[in-house]
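Everything on this sheet refers to the single structure shown next.
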Amino acid sequence: RTESETIIENAKRNANRIINDALLKAESIEEESQRIRRNIILYKRRMKNLIDQQSEIIDDLDKVDIQ
């Protein structure tokens, strides 16, 4: 009986450790996911600004008087 109780306690400790490790890993992955989302938003914003600037340059070319 004592041996079975020891086995059960060890199993519970191992289960708790596994769960805690999984929760920490999930939290880390969520933080990384949020960072990637922010970077994507920033990248898209920068690309849009770049495209807008290039479009303005193209529009300005139409205003240049070429003779």
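Computed extension gain for Ile18 through Ile40, at 0.36 nm per residue and net of the alpha carbon distance, reaches 4.7 nm. A Förster distance of 35 Å, applied to the separation of the beta-carbon atoms of Ile7 and Glu30, puts the FRET efficiency at 0.50. The share of alpha-carbon pairs in the chain lying farther apart than 14 Å comes to 78%. Accessible surface calculations at 1.4 Å, restricted to protein heavy atoms, place the chain at 99 Å² per residue.
The values are calculated or read from the model by the stated rules, or taken from the named source; none is laboratory data. Note that the coordinates shown come from a computational prediction; the quantities given were computed from them, not determined experimentally. So basically every Cβ, Gly included, is an ideal-geometry build from the backbone, and we count neighbours across all protein chains shown. Surface accessibility is based on the protein's heavy atoms, side chains included, excluding ligands, DNA and RNA. Shrake-Rupley method; radii C 1.70, N 1.55, O 1.52, S 1.80 Å.
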